[in-house]
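Enquirer: What follows is a single structure, and I will ask about it in a moment.
The values are calculated or read from the model by the stated rules, or taken from the named source; none is laboratory data. Every value quoted in this text rests on a predicted model; they were computed, and no experiment measured them. Every residue, glycine among them, receives a Cβ derived from its backbone with ideal geometry; neighbour counts consider all protein chains shown. For accessibility, only protein heavy atoms count, side chains too; no ligands or nucleic acids. Shrake-Rupley method; radii C 1.70, N 1.55, O 1.52, S 1.80 Å.
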Protein chains: 2
Amino acid sequence: MTEALTDIPPHAFNELRDLIIEKRDKLPRRLAQVAAYTIEFPDDIAFGTVGSISERAAVQPSTLVRFAKALGYSGFSELQAVFQQRLRDRPNNYEARLQAFDEHTSGHSPAMALIDGFSEAATRSVERFKARIKPEDLDEAARILAAADTIYLIGLRRSYPITAYLSYALGTLGIKTVLAGSPSGVDREILSFAGARDAALAVSFTPYAPMTVEYTRQVVGQNTPLVAITDSPFSPLALNTSVWFEIVESDFEGFRTLAAAMTLAAALAVAVAERRRGVGKQNENSELSGR
Amino acid sequence: MTEALTDIPPHAFNELRDLIIEKRDKLPRRLAQVAAYTIEFPDDIAFGTVGSISERAAVQPSTLVRFAKALGYSGFSELQAVFQQRLRDRPNNYEARLQAFDEHTSGHSPAMALIDGFSEAATRSVERFKARIKPEDLDEAARILAAADTIYLIGLRRSYPITAYLSYALGTLGIKTVLAGSPSGVDREILSFAGARDAALAVSFTPYAPMTVEYTRQVVGQNTPLVAITDSPFSPLALNTSVWFEIVESDFEGFRTLAAAMTLAAALAVAVAERRRGVGKQNENSELSGR
DNA sequence: GCTTGTTTGGAACTTATATTCCATTTTCCT
DNA sequence: AGGAAAATGGAATATAAGTTCCAAACAAGC
């Protein structure tokens with residue numbers, strides 16, 4: 001019988017492709033025929049039905065199922081999901097054409113230079129952040145914040161959008177936050193309520209806003225655990241801090257974006273929520289179930 | 001019965017997209033909802049089943065069939081074929097695919113999975129934004145905002161960090177702004193001062209905060225020029241707007257980042273500042289230069 | 001050339017998918 | 001407000017799909 005020849009079949013298209021090419025010679029005639037067809041017309045595998053594909057590949061429908069099983073999948077649908085995943089969320093024809101259009105109509109305009117510059121700065125910032133972050137820091141920060149009764153968010157000026165976003169994101173996740181630094185301006189009184197059972201998250205970049213530093217000292221003095229997001233190990237926020245993240249944003253024309261800090265904020269919010277929810281379910285990557 | 005409104009439905013995705021956008025306003029509520037979903041998640045239409053799509057779009061399966069028929073197709077499958085065709089026979093940007101898969105399979109710890117996921121979402125958002133933006137829109141927006149006496153910034157909830165950032169960035173560039181949507185909450189009175197010589201910038205994403213829509217109507221009613229940042233041509237902000245930007249942020253585990261919107265905000269701030277400086281130099285006795 | 005194990009074709013079966021239909025709700029007009 | 005028309009939700013139905021099964025064909029070893 002044509003049993004599964006593989007332990008775990010690949011999820012990624014590239015691996016599957018390599019597997020098919022490698023197995024090709026060892027497969028019986030009809031299955032090899034299918035293998036060739038899948039390599040030559042991957043789009044057809046992604047969109048067709050067992051009936052339509054088998055017709056075009058000149059085999060029986062059952063042969064397609066056998067082929068999938070020979071590769072270790074439970075059936076044809078599972079194999080097909082890999083071919084579909086390859087086409088999802090990719091830049092498509094429509095967008096590619098738009099892009100081409102934009103590039104040759106006004107690729108050199110001053111406006112486009114700004115867009116390009118800031119886009120590149122954002123992408124670089126995010127990439128560097130990803131490369132440098134220590135996952136255990138994220139875990140630790142999530143632990144601290146998840147254990148907090150209330151999370152006090154401290155951020156002024158350029159950092160304020162970050163804390164504002166965290167306030168929103170954590171709020172939608174059902175986590176209580178207090179946002180300092182808003183134009184209302186009664187921050188010190190608000191922060192005086194922070195205690196050991198709460199936690200604070202402070203964000204500040206060079207040049208550090210004196211208020212942020214002062215507020216941070218205050219809450220630390222009240223024995224409130226602190227998580228900091230800043231841009232240098234020498235930042236005043238990095239001292240007396242339970243855990244801190246270093247975020248260095250690339251700049252363009254002297255302006256720094258917030259892309260990396262925002263990315264960290266989003267990840268942090270979800271990490272906290274997941275931890276609160278208990279260990280919850282692991283992120284199942286079973287988005288492949290379609291059809 | 002919802003009869004076919006069209007003679008022959010389009011075969012090409014671009015035509016279909018235009019048709020949907022055009023028809024959108026004339027369609028009943030649920031069908032309009034489907035219209036918005038098809039524009040926002042075309043890949044899902046291409047690959048999903050009636051059941052899965054209807055679930056994610058929060059409508060009944062029958063509504064999808066009705067939608068297809070309202071557009072002139074014989075059924076949903078015929079409509080779906082157009083969405084599939086769009087993804088077929090694409091140019092082989094094989095490198096991009098390889099890269100995407102490598103990134104997708106990298107992270108191992110749950111924390112790193114979050115970082116990777118949001119980083120990828122941020123990068124994708126920025127790339128897509130860069131590909132789709134029309135530089136002349138940026139020029140036009142900069143012209144409007146540079147000519148303004150005061151710039152009124154309207155953004156609530158998820159959009160608030162964007163306007164908060166703009167408030168900071170424009171402020172450091174010496175441009176007068178008023179930020180609505182802050183927790184202080186006296187927005188309507190503040191916005192009532194906006195006039196024809198000012199300008200407003202509104203930011204809102206699905207689900208549109210009713211307050212944002214209301215504020216926007218108010219300032220437009222006061223003849224204040226409006227620049228909007230939103231996520232769909234169907235957004236209430238895209239109507240009655242001098243110029244608007246479409247920002248579609250990729251999501252990860254249902255959470256959207258702000259990377260693309262922030263990038264646009266940064267570019268916009270600098271573009272406005274540059275234009276002001278330029279105008280000031282060119283005609284020094286201009287009434288616009290004063291501030 | 002016979003036997004054994006594998007492969008293949010095609011029909012039967014089972015699952016799930018798209019579509020239709022109808023009762024109910026909502027909207028719009030008088 | 002009252003009534004007609006349109007729209008909606010949800011179950012029922014018909015269709016199509018994927019999968020399994022078995023007999024026939026084939027290949028390999030004795």
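Enquirer: List, in order, the whole-Hz ³J(HN,Hα) value for each residue of region A:264-275 obtained from phi through the Karplus relation with A = 6.51, B = -1.76, C = 1.60 and θ = phi - 60°; use x for Gly and Pro.
Expert: Karplus-based 3J(HN,Hα) across region A:264-275 equals 4, 4, 4, 4, 5, 4, 5, 4, 5, 4, 5, 5 Hz.
Enquirer: While we're on this one: What accessible surface, in Å², does a 1.4 Å probe find on A:V59, ignoring ligands, DNA and RNA and rounding to the nearest 10?
Expert: 20 Å²
Enquirer: Trypsin sites (Lys or Arg not before Pro) within region A:145-221: which are DSSP loop residues with at most 16 other Cβ atoms inside 10 Å?
Expert: Taking region A:145-221 and a limit of 16 other Cβ atoms within 10 Å, the loop trypsin sites (Lys or Arg not before Pro) found are A:K176, A:R197.
Enquirer: Let a ≥ b ≥ c be the square roots of the eigenvalues of the Cα gyration tensor of region B:13-87; is it rounded (a/c under 1.5), or, if not, prolate (a/b larger than b/c) or oblate?
Expert: rounded
Enquirer: At B:D137 and A:A131, where each label point lies 7 Å from the Cα along Cα→Cβ, what is the point-to-point distance in nanometres?
Expert: Inter-label distance under the simple model: 3.2 nm.
Enquirer: Continuing with this model, one more query. Please compute the volume of the convex hull spanned by the alpha-carbon atoms of region B:132-282 and report it per residue in Å³.
Expert: 103 Å³
Enquirer: Further question on the same structure: For a quick check: with amide H placed at 1.01 Å from N, whose amide H comes under 5 Å from A:A202's, ignoring anything fewer than 5 positions away on the same chain?
Expert: When sequence neighbours closer than 5 places are left aside, the close amide H contacts are A:I154, A:V227, A:A228, A:I229.
Enquirer: Chain pair A, B: how much accessible area is buried, both chains summed, with a 1.4 Å probe, in Å² to 100?
Expert: So the total buried area for this chain pair works out to about 6700 Å².
Enquirer: Hey, another quick one. Using a 7 Å offset from Cα along the direction of the beta-carbon, what are the separations from A:A36 to the same position in each other copy, nm, ascending?
Expert: Going from nearest to farthest copy, the values are 5.1 nm.
Enquirer: Listed here are the pairs A:K176/B:K130; A:K130/B:K130; A:K176/B:K176; B:K23/B:K130; which of them are more than 24 Å apart at the Cα?
Expert: Cα-Cα > 24 Å for A:K176/B:K130; A:K176/B:K176; B:K23/B:K130; rest within.
Enquirer: Measuring from label point to label point, each 7 Å out along Cα→Cβ, what is the A:N240 to B:E78 span in nm?
Expert: 7.2 nm
Enquirer: Shifting gears a bit: According to a simple spin-label model (label point 7 Å from Cα along Cα-to-Cβ), what is the distance in nm between B:N223 and A:A147?
Expert: Once both label points are built, they end up 6.2 nm from each other.
Enquirer: Something else now. Out of the chymotrypsin sites (Phe, Trp or Tyr not before Pro) in region B:145-250, which ones are loop residues according to DSSP with at most 15 other C-beta atoms within 10 Å?
Expert: B:F193
Enquirer: Run down the lysines and flag those whose C-alpha is under 30 Å from the C-alpha of B:K26, throwing out any fewer than 8 positions away in its chain.
Expert: B:K69, B:K134
Enquirer: Still on this structure, I have one more. Taking a label point 7 Å out from Cα toward Cβ, give me the nm distances from B:D18 to the same spot in the other copies, shortest first, one decimal.
Expert: 4.5
Enquirer: Using alpha carbons only, how many angstrom separate the centre of region B:180-250 from the centre of region A:132-207?
Expert: Comparing the Cα centres of region B:180-250 and region A:132-207, I get a distance of 28 Å.
Enquirer: What percent of all Cα-Cα pairs in region B:152-239 falls in each 5 Å bin, counting up from 0?
Expert: Reading upward from the zero bin: 3, 16, 28, 27, 19, 7, 1.
Enquirer: So, one more: What FRET efficiency comes out for A:R56 versus A:E120 if R0 is 56 angstrom and r is the Cβ-Cβ distance? Round to the nearest 0.05.
Expert: Given R0 = 56 Å and the Cβ-Cβ separation, E is 0.80.
Enquirer: Got the B:E136 label distances to the other copies yet, label 7 Å along Cα→Cβ, in nm, shortest first?
Expert: Ordered by increasing distance: 5.7 nm.
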